[in-house]
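The structure appears below as structure tokens.
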Amino acid sequence: MKYIIPSKNGLVRLYCPYLLRLTTPAAQFFQKFKFLLFVSVAFVCPPIVLAEDESFSLNLDRTTVTATKTPKQLNQLSPGIDSLDGSLLATRQIYQLEDALNFLPGISMVQTGQMGGTSSLFVRGQESNHLVTLLNGRRLAPGLAGLYNIELLDTAFLDSVELSRGPVSSLYGSDALAGALNLRMADARFVEDDNKLSVISEAGSFQTSRNSMQFATRKGKVGFVFDASHLQTENDRPQNKFSNLNLRNNFSFELSDEVFFDILSFYQSSDLQVPGSERSSFFPEPQINVNESYLFSPRISILRQDWDAWIFYSRTNSNLKATKDVFFQDNILKQTGNEFEAVINFHPTPEWTSTIGAGHYEYEFSRTPITPGPFNLPSNKRYSYGSIFAQADAALPYNFHSITSARWDEHDSFESEGTYSVQLSKTIERTNTQVFSKLSTGYKAPSGQDFIFLDPSVNPDLISPEKSTGFEIGTRQFLSQTDSNLSLTYFKSSLDNLIDSFGFPAFPAQVDTKIQGIELGANIQLGQSLSAYANYTWLDAVISKGLYFGGFAGGPGDKLPRRPENTAAGGLLYEADSWKIGAEIRGASNRLDGPGIILSDYAVARLYGIWKWKPNIEISGRIENVFDKDYETTRGFTAAGIGAFGGIKIQF
């Protein structure tokens, strides 16, 4: 069997901490870390040589692991699976995760503020806490809302960002009603015998500075990858300063032939001034949010000709300290998680892969008032569940292909659930066409804000899990021997027991919803130098039963708020020998923000360019919101105006 080894383009780069000038509370930690990093670099590194960037193009032959937990080429999967190449994100100068996701179909992003402001990600109309967020396949701390704070995640030096739309609970268990988001950094097991160092430094409007670095090396049986990024900005709103630090690390040791022990770790620390809604009489509010989270995950993996296996443990933690709230609701909100998972993949032939796995997952959420009062009470909830799951991936006669999976989650507190997924596709070689269909189910156990603000008289164990059934059908048409293609997908889902609450202290409110939509996509290579990409989504999401937020956000027959009916995005990229230039636009229309509140349509454009000054040095520049469009993704929170940024990237 040929193992999928990530290409060295984007796999191993490194950046110099001397460009980082930190002024946040995380600085003391990071200064110590820089010293230890440079000691280790000096010890393990022979002389570093200059490296030149590789070119890239649209590539559906790249692999993704999110949809099946095993490597699959994108052209073997439905268009509901997207993989954003890290080198392309770097060319487009997209460094924030929410900005990257904004250009994918089926996505609605709502942000209460600008950089650092809470981002709600609605995938195919479902809730923002219906998406499981992973780093190299390990779950990140979901935090209070059950969704990792994606506004705090940096994409610099990631190999790729993968998104699987539609229920995938049969692989990932609770929280995966709407899909799975996987950030893939370089895998230390496959780092080459070389030293790579890359540095990015950028500055621009709103007193913004961004500094990132990546270092990767191998010495014998030891592989090491480390990347870091620090962002600081005043934003384009009063009293909205934001500072954020991301550290990612992967260390690997080959115990014997293709038997690896590796440790994946992630650390994040941020400080944010929260001025609140511009419609509030208290604006700008003095609130400050300090967020810290981490992941620590050791793993043992075995790679063999006919099978491979791994077992890992993950410890996650998310800690949010909210102070200076105008309503005296200062709190410390904490989430911890402990996960064990073991998986074995059997692949006796290239046409067949079967997977079996088991896991145990334990979570605890707590709310500790800093300013106690009758409306600011402490809360705590702990629960766990065990799981078994299986998958069969088979090439069938007549160019059919099937992927089926099933899972059982046995809960100690909430209702136990079984989920499944069945996908069937067919390739029509004569016309170079792919057709596919998929039926899948998902569920989400109550978590975080579902019970942490509940009235003490409410037993959270009696809250029913959210459940969904999703169906999709569509086609992808390849236009040539290149990766140029057009895609069309129709999706439909029903969501039962959508959990919300009303009042304070809160009482649970559960509603049922019906969602359907269409996703159109186009990726076209126009000759050797010019490429174009575009997508459009039509969405219809309505309440079928119950009162949303106690009726304040709608009842049966009403549309779900904050899900635009129409969203679209696209861009052009031109590549010459020593420079690249591109333009992108995205927008939304028919936007219901709440009962009787309709936000105006908007379209916002951006420009970017890169000049390769030397083989290892690039000069970059970009303009965001080129036409200085005044718009909001939710009422009372104006997006940033026009901004200009310039930077430099050096590779060693």
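The values are calculated or read from the model by the stated rules, or taken from the named source; none is laboratory data. Worth saying up front: this structure is predicted, and the values here are computed from it rather than measured. Cβ: placed from backbone, ideal geometry, glycine included. Neighbour counts: every protein chain shown. These area figures cover heavy atoms from the full protein model, side chains too; ligands, DNA and RNA do not enter into them. Shrake-Rupley method; radii C 1.70, N 1.55, O 1.52, S 1.80 Å.
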request  = Filter the stretch 328-361 down to residues that are free of Cβ contacts under 8 Å to residues at least 40 places away in the same chain and open to solvent by 50 Å² or more (accessible area, probe 1.4 Å), then give me how many there are.
outcome  = 7
request  = Check the stretch 393-402 and report whether any residue there is surrounded by fewer than 19 Cβ atoms within 10 Å (Cβ to Cβ) and in contact with an Asp or Glu (Cβ under 6 Å, 6 or more places away or on another chain).
outcome  = yes
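Table: residues versus (1) open to solvent by 10 Å² or more (accessible area, probe 1.4 Å); (2) touching a Ser or Thr at 6+ places or on another chain (Cβ under 8 Å); (3) part of a loop (DSSP other than H, G, I, E, B).
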| site | (1), (2), (3) |
| --- | --- |
| PHE157 | yes, yes, yes |
| LEU163 | no, yes, no |
| SER174 | no, yes, yes |
| ASN182 | no, yes, no |
| ARG189 | yes, yes, no |
| VAL199 | no, yes, no |
| ALA203 | yes, yes, no |
query = Going through the stretch 304-314 one residue at a time, which ones are assigned to a strand (DSSP E or B) and surrounded by fewer than 16 Cβ atoms within 10 Å (Cβ to Cβ)?
reply = TRP307, TYR313
query = Can you pull out the residues in the stretch 350-380 that are under 30 Å from ASP306 (Cβ atoms) and of a type in the set (Ser, Thr, Tyr)?
reply = THR353, SER354, THR355, TYR361
ask   = What tally of residues in the stretch 545-573 results from selecting those that are surrounded by 15 or more Cβ atoms within 10 Å (Cβ to Cβ), in a strand (DSSP E or B) and in contact with a Ser or Thr (Cβ under 8 Å, 6 or more places away or on another chain)?
value = 4
note = Checked the stretch 266-283 for anything open to solvent by 30 Å² or more (accessible area, probe 1.4 Å) and under 26 Å from ASP159 (Cα atoms); matches are TYR267
message = Please verify whether VAL626 is part of a loop (DSSP other than H, G, I, E, B) and open to solvent by less than 70 Å² (accessible area, probe 1.4 Å), treating the condition exactly as stated.
response = yes
task = Evaluate the following for LYS492: is it part of a strand (DSSP E or B), in contact with a His (Cβ under 9 Å, 6 or more places away or on another chain) and either open to solvent by 40 Å² or more (accessible area, probe 1.4 Å) or modelled with pLDDT of 95 or more (or both)?
result = no
request  = State which residue is modelled with the lowest pLDDT when the search covers only the stretch 56-77 and only residues that are assigned to a loop (DSSP other than H, G, I, E, B) and charged (D, E, K, R).
outcome  = ASP61
message = For the stretch 437-451, which positions are touching a Gly at 6+ places or on another chain (Cβ under 6 Å) and either modelled with pLDDT of 95 or more or surrounded by 23 or more Cβ atoms within 10 Å (Cβ to Cβ) (or both)?
response = SER440, SER447
